Amino acid sequence: MHRTRNVKRLARLGHVALLCGCLLVSTMTTTDAEDRSAAADIEQRVDELLARMTLAEKVGQMNQVHAGDMDPLEELGDALRAGRIGSVINQVDVATVNELQRIAVEESRLGIPLLVGRDVIHGFKTVMPIPLGQAATWNPDIVRRGARIAALEAAKSGVNWTFAPMIDITRDPRWGRIAESPGEDPYLASRLAGAAVEGFQGDDLTAPGAILACAKHFAGYGEVESGRDYATTNIPENELRNVHLRPFRAAVDAGVATLMASFSDLNGVPATGNEFLMRQVLRDEWGFDGFVVSDWNSIHQLAVHGLTANDRDSALVAATAGVDMDMAGSVYVEELDELVDDGALDIDVIDTAVANILRVKFEMGLFDDPYTDPDALPAFGSAEALATAKVAALQSVVMLKNDNDVLPLSKDRLDRIAVIGPLADAPYEQLGTWIFDGDPELSVTALQGIRDLVGDDAKIEYVRAMETSRSKSTAPFDEATAAARRSDVVVLVLGEEAILSGEAHSRADINLPGAQAELVRRVREVGKPVIAVIMAGRPLTLTNIVDNVDAILYAWHPGTMGGPAIADLLFGVESPSGKLPATFPRMVGQVPIYYSQKNTGKPPSPDKIVHIDDIEARAPQTSLGMTAFHLDAGYTPLFPFGFGLSYADFRYDNIRVSDDEVALGGTLTISAELKNRGDVAAEEVVQLYVRDLVGNVTRPVRELKGFRRLRVEPDETVTVSFKLHTDDLAFFGRNNELMAEPGDFHAWIGGSSDTDLQTAFRVAASD
Ligand code: BGC
């Protein structure tokens, strides 16, 4: 029984195979028959149970309650006994959870166990970097391992369902929830989505330590207007399918058990009431057989959006559209019984929703054993958890600048180091957003990490300089500049506190907040080398500080082990290897800015742009470039997607294709040589981009199609090859059908999306 979700995964891959014409059918294993019979067994148990349920009990399964709203053992216990609750959110005391499970299975009429949900977004007690930071690792394996650790720790508290991974594509760093997202690219996000699902759910959903994943927020939330949280989204279906839905499809293919509907309004129909998303795409096209939960009270909010007049209508619309469970809303539990009794809602809709929920409960093995034995699971903050958090942090940091190789620092050649800034010694802030259970006591800060690494070799002088990252007072800056003056090098640890990103924490100005730019300027004037370590929940606009520092390590919110990771990178124990998962604008007015844009009919180029300062005074009305750029920002970002420097000296060369032409349905190989001409070994993320020159709908100027993280020794040259099947070039065309077309393509391999190492190939029609 326990392989059930994997079986579904294979079955779905078979479905992809049919759609795309070739791959993966051969992945079917000899255990198929066994697994299919386990799935059939579950379906039978679901049907039998459903047949015994009253309408009230069915609606109860569709109701998730917030533990904080009820006394856990009295009110909640009574509702459980009455069969009016299918899931509880935010109960993390294991003894209480076990008691609730006992009441559910022993004292309710049908003994249906509970799902216990919690936002375990990037760790539980041990906190990994924020998801955007994890995306900067470009390492599905570390994402999988991080999710596994989070699952083990959460499960120890009785949690069996997390509301992660969040896989909303976003091109808007103003949006606070970019911190939780995998960034701007559907391919990178899809790879990481699958890895996170595998990490949370494991190979065996019934095993201790496996928890259900929830792909959220379905769909389009990352496009909220001006990055203002909860705002409207308008996304044409073609863009929705080619960009925003892709990671969700990947999560479904990886066997994700649940999805969460988004708060946002999509093209006039809020996602929570959106039948197109939840019935047509998710169920009919993708064959998803887990269940969909609303977002927090989002069924009730359908009336606030103005889609419905009241809770009764909202319940009807959400259930009909395919929301199986109401999160913390009480709308279903108050309205659905009557809607069915009145004949307004078909009982089949309820039965399908309840079957979806029960199926997942059976797959988890909860009917066989709903209890948690915390002693069977590793301790919180175990050595393995901390080691994983450190690797994740190390690989997530992106070096954006390193003038004159000021980094790595050598502790033997330094007598005094000034460590300055509001985030240098902030155990809580470095954990970032969404860390309900994160334990700041486990955090090792940058200051501590540097002290531990340097030991007695150099004197560390620490000045906080600002109360918070938002402080405007410059009074303490004299102390900071005095410390800088006494030191050989200054490490400024700047950025945003945790509370400045995350849900409902959007910003319209994405410069470093408070007086930080002034702090940088004052420290710069001292004349010592200045290294900026920036912890933030989003890409910040760094234009006003970038020229006043010698090096930048962009550390996002790096989590529990951020400090030792930063120290190792500063002192060259490891080389930086993170790559940007989102474009860094020069100024906020460029947003949205992303690498996979369309070409437009008037693409800009360096010779076709004019800067505002170069316009002649009293110029007659004249054309200024006549291409797609801003007079005051040009058209390039400050740092492009995929960018990140290294202590190694990586050179790419000799890109080639195995065949100049490949027939539809065929595969070709694109390779290049990567040489490390430096004198340290380092990891590099090699990236493959492709452009489809002519399409049935216009195609992006570049699209990521593959990447690989590898370690290269000094003087070593490695050949990196990517296999590309013509299905990998498929996109949703004018009729919103997935298609791969014959035609001409360009391909690039390199260490960033702006690599210019290019080749070309042709896809021919199949015979
Ligand atoms: C968020 C979800 C989260 C839920 C439960 C909502 O406000 O949008 O992402 O899972 O709360 O905490």
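Here Met128 does not qualify as more than 16 Å from the ligand (Cβ to nearest atom), over 30 Å from Pro558 (Cβ atoms), open to solvent by less than 20 Å² (accessible area, probe 1.4 Å) and within 28 Å of the chain's Cα centre (by Cα).
Do we have any residue at all in the range 517-528 that's within 30 Å of the chain's Cα centre (by Cα) and within 20 Å of Pro173 (Cβ to Cβ)? Among the residues of the range 517-528, at least one is within 30 Å of the chain's Cα centre (by Cα) and within 20 Å of Pro173 (Cβ to Cβ), which makes the answer yes.
This table checks each residue for (1) open to solvent by 60 Å² or more (accessible area, probe 1.4 Å); (2) in contact with a Gly (Cβ under 6 Å, 6 or more places away or on another chain); (3) farther than 18 Å from Ala353 by Cα.
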| position | (1), (2), (3) |
| --- | --- |
| Arg228 | yes, no, yes |
| Pro236 | yes, no, yes |
| Arg241 | no, no, yes |
| Val252 | no, no, no |
| Thr258 | no, yes, no |
| Asn274 | no, no, no |
| Phe291 | no, no, no |
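Among the residues of the range 260-270, those identified as open to solvent by less than 10 Å² (accessible area, probe 1.4 Å) and either of a type in the set (Ser, Thr, Tyr) or more than 16 Å from the ligand (Cβ to nearest atom) (or both) are Ser262, Ser264. Within the range 167-191, the set of residues being touching a strand residue (DSSP E or B) at 6+ places or on another chain (Cβ under 9 Å), part of a loop (DSSP other than H, G, I, E, B) and closer than 15 Å to Trp556 by Cβ comprises Pro173, Ser181, Pro182.
Can Asp342 be described as within 16 Å of the ligand (Cβ to nearest atom) and either at pLDDT below 95 or more than 30 Å from Leu580 (Cβ to Cβ) (or both)? When the stated conditions are applied, Asp342 does not pass them.
Against the list (1) polar (S, T, N, Q); (2) surrounded by 18 or more Cβ atoms within 10 Å (Cβ to Cβ); (3) in a helix (DSSP H, G or I), the condition Ser471 fails is (3).
Taking the range 346-403 as the range and being farther than 28 Å from Asp47 by Cβ, open to solvent by less than 10 Å² (accessible area, probe 1.4 Å), in a helix (DSSP H, G or I) and among the β-branched types (Val, Ile, Thr) as the test, only Thr388 passes. Do we have Glu198 as closer than 27 Å to Gly642 by Cα, more than 16 Å from the ligand (Cβ to nearest atom), modelled with pLDDT of 95 or more and out of contact with any helix residue (DSSP H, G or I) (no Cβ under 6 Å at 6 or more places or on another chain) here? Here the answer is no, as Glu198 does not meet what is asked. Residues of the range 53-111 that are of a type in the set (Val, Ile, Thr) and touching an Asp or Glu at 6+ places or on another chain (Cβ under 7 Å): Val59, Val92. Could you tell me whether the range 308-327 includes any residue that is touching a Pro at 6+ places or on another chain (Cβ under 7 Å), within 16 Å of the ligand (Cβ to nearest atom) and over 17 Å from Ala355 (Cβ atoms)? Checked against the condition, which is being touching a Pro at 6+ places or on another chain (Cβ under 7 Å), within 16 Å of the ligand (Cβ to nearest atom) and over 17 Å from Ala355 (Cβ atoms), the range 308-327 yields no hits at all. Comparison of Ser473, Ser443 shows that the only residue that is more than 21 Å from Pro529 (Cα to Cα), touching a Pro at 6+ places or on another chain (Cβ under 8 Å) and modelled with pLDDT of 95 or more is Ser443.
The values are calculated or read from the model by the stated rules, or taken from the named source; none is laboratory data. Not measured: the values here are computed from a predicted model. Reconstructed Cβ throughout: ideal geometry from the backbone, glycine too, with neighbour counts over all protein chains shown. Accessible surface areas use protein heavy atoms only, side chains included; no ligands, DNA or RNA. Shrake-Rupley method; radii C 1.70, N 1.55, O 1.52, S 1.80 Å.
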